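Here's the structure, in C-alpha cells; my notes come after.
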Amino acid sequence: MSERLEDIAARMLAPGKGILAADESTGTIKKRLDSVGVDSTADTRRDYREMLFSAEEAMQTYISGVILYDETIRQQARDGTPLVDLIARAGAVPGIKVDKGAKPLAGFPEEKITEGLDGLRERLEEYHGLGARFAKWRAVISISEGLPSWGAVKQNAQVLARYAALCQEAGIVPIVEPEVLMDGTPGGHTIDRCYDVSEWVLKTVFQELYDARVVLEGMVLKPNMVIDGQKLRKASREEVAEKTVRCLKATVPASVPGIAFLSGGQSDEEATAHLSIMNAGHDLPWTLTFSYGRALQAPALKAWSGRDENVAAGQRAFAHRARMNALAARGEWNADLEKAA
Ligand code: 5MM
C-alpha cells in the first residue's frame, strides 16, 4: 500500500530539518557551475550533486528531503549507486521538480505562466517508480508598475492547483511554490508592496486549491518571504519576519502541515536569520522551515569548485549552512554561531 500523503508530508517537515532544493534545470546549473569555473557536463553535474547528497552529517541530521531535476533522478554516483538511494539511505525523502519552467503568458506582455501540465499524470507515475515521493512546481509572479495583473495571478494559481491535484492522485505530496520575485521592479519595490502582492497571490492559490479538491493536509507550501526588493533593502530582519508571519496567517489555512520557504536571492545569513526570528517569536499553526537552493548551496559550491580534493571541504560548508538553517527551523540560531564556525 502507498504511504499516506500526510505521512510523507510529516517526514518532509521533520522537526529541526528542512529541504534542499537541488532542482536547478540545465541552464541554471550551468550558471552556478560557470561561477566557479567548472564546465557543465552530465558528469560534473553528477559529481557536484553526489558531493552534496553523500555529505553524511548534513544529510542525516539536517535535511528531510531533496528536490531533484529530471536528469538527476536518473543518475548514479561514481560507484553505481543511484543518487536517489544516497538520499533515501540518509533518511531524507527524494522529490522531483515537474514543471517545465516559466514561459511568456499569451496576451499578457511581461508576465509568465509555468508550463508542464501536458502528460503530467504519466510523468508522475514514472517518477513515483523512480522513488520520488514529493514534487515541486514553481509559479513566478513579478512585481512592477501596475503588475502583476489579475489574469496572470489567477492563471498561475489555477495551474498550481491542477498540478497539486494530479500529484495527490499519484500518491505524491505537492510542494506548491508561488514565488513573488524579490527583484522584479527595476528600481526595487517596498516591503509593503511585496506584502500586498504576496497576500493576493496566496489567497488566490488557496481558493484554487479548494476548487480543485486538493487535500491541504497532504501538501507543503513553498512561498517567498515578505521582503523589500534587493536594491532597496531597508526593512529590518524583525520587520521581514513579522510581516511574513502576518501575511501567512492571513492566507494559509491551519490544515496545511508546513511551510518551507525559498530563499529567492537573499544572502545565506539573511535567509537563516529571518527564518529563526519567525520561529522564535511567534505562535504558529504550521511547521515553518526552509527549502533553500542558493542559500544552502552557495558556500558548498565555492568550497568544492569542481575538485575531487575539495569534496570534504564542500561537504563541511554544506553541513555548516544546513546546521544553521536547522537551528533556525527551531528558532535557535544566532549570529555568534556563524562567527564561531
Ligand atoms: C534550485 O532552483 C530552482 C529553480 O531552478 P530553475 O529556475 O532552473 O528551474 C528553484 O525553483 C528553487 O527550487 C527555488 O526557487 C528555491 O531556490 P532559492 O535559491 O530561491 O532558495
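The values are calculated or read from the model by the stated rules, or taken from the named source; none is laboratory data. Model, not experiment: these values are computed from the prediction. Don't worry about glycine lacking a Cβ; one is built from the backbone with ideal geometry, like all the others, and counts go over all protein chains shown. Quick note on the areas: whole protein, heavy atoms, side chains included, nothing else; ligands and nucleic acids left out. Shrake-Rupley method; radii C 1.70, N 1.55, O 1.52, S 1.80 Å.
Structure notes:
- Candidate set from the stretch 135-149 (those that are open to solvent by 20 Å² or more (accessible area, probe 1.4 Å) and either under 17 Å from residue 209 (Cα atoms) or within 19 Å of the chain's Cα centre (by Cα) (or both)); member that is farthest from the ligand (Cβ to nearest atom): 142
- Number of residues in the stretch 236-265 that are touching a Lys or Arg at 6+ places or on another chain (Cβ under 8 Å), polar (S, T, N, Q) and within 16 Å of the ligand (Cβ to nearest atom): the value is 1.
- Flag if residue 6 is among the acidic types (Asp, Glu) and either in contact with a strand residue (DSSP E or B) (Cβ under 6 Å, 6 or more places away or on another chain) or open to solvent by 30 Å² or more (accessible area, probe 1.4 Å) (or both): yes
- For the stretch 102-115, the set of residues classified as open to solvent by 10 Å² or more (accessible area, probe 1.4 Å) and within 16 Å of the ligand (Cβ to nearest atom) consists of 102, 103, 104, 112, 113, 115, listed by residue number.
- Among the residues of the stretch 241-265, those identified as over 20 Å from residue 333 (Cα atoms), of a type in the set (A, V, I, L, M) and either open to solvent by 50 Å² or more (accessible area, probe 1.4 Å) or not in a helix (DSSP H, G or I) (or both) are 252, 254, 256.
- The listed residues are 308, 268, 283, and the only one of them that is surrounded by fewer than 22 Cβ atoms within 10 Å (Cβ to Cβ), under 23 Å from residue 9 (Cα atoms) and acidic (Asp, Glu) turns out to be 283.
- Residues that are within 11 Å of the ligand (Cβ to nearest atom) and open to solvent by 10 Å² or more (accessible area, probe 1.4 Å) number at least 2 in the following helices (runs of 4 or more DSSP H) confined to the stretch 15-87: 26-34.
- Residues that are over 18 Å from residue 91 (Cβ atoms) and part of a helix (DSSP H, G or I) were ranked within the stretch 3-14; the one that is nearest to the ligand (Cβ to nearest atom) is 5.
- Some residue of the stretch 218-226 being of a type outside the set (S, T, N, Q) and farther than 22 Å from residue 133 by Cα: yes
- In the stretch 150-185, the residues that are of a type in the set (Gly, Ala, Ser) and in a helix (DSSP H, G or I): 151, 152, 157, 161, 164, 165
- Leading residue by the ranking (farthest from residue 257 (Cα to Cα)) among those in the stretch 166-188 that are out of contact with any helix residue (DSSP H, G or I) (no Cβ under 7 Å at 6 or more places or on another chain) and buried (at least 24 other Cβ atoms within 10 Å of the Cβ): 177
- Test: residue 122 is under 22 Å from residue 96 (Cβ atoms) and either of a type in the set (Phe, Trp, Tyr) or out of contact with any His (no Cβ under 8 Å at 6 or more places or on another chain) (or both): yes
- Close pairs (9 angstrom Cβ cut-off, 6 or more residues apart or separate chains): within 16 Å of residue 23 (Cα to Cα) and among the basic types (Lys, Arg) in the stretch 75-97, part of a strand (DSSP E or B) and open to solvent by 30 Å² or more (accessible area, probe 1.4 Å) anywhere: 97/138
- Residue match in the stretch 120-130 (condition: in a loop (DSSP other than H, G, I, E, B), modelled with pLDDT of 95 or more and closer than 27 Å to residue 216 by Cβ): yes
- Count of residues meeting criterion [more than 16 Å from the ligand (Cβ to nearest atom), over 21 Å from residue 13 (Cβ atoms) and of a type in the set (A, V, I, L, M, F, W, C)] in the stretch 286-305: 2
- Checking each residue in the stretch 266-285 for being more than 11 Å from the ligand (Cβ to nearest atom) and either polar (S, T, N, Q) or at pLDDT below 95 (or both) picks out 267, 272, 276, 279, 281, 282, 283.
- Cβ-Cβ under 6 Å pairs, at least 6 apart or on other chains, the stretch 220-238 side surrounded by 15 or more Cβ atoms within 10 Å (Cβ to Cβ), far side polar (S, T, N, Q): 222/291; 225/244; 226/198; 226/244; 228/190; 229/185
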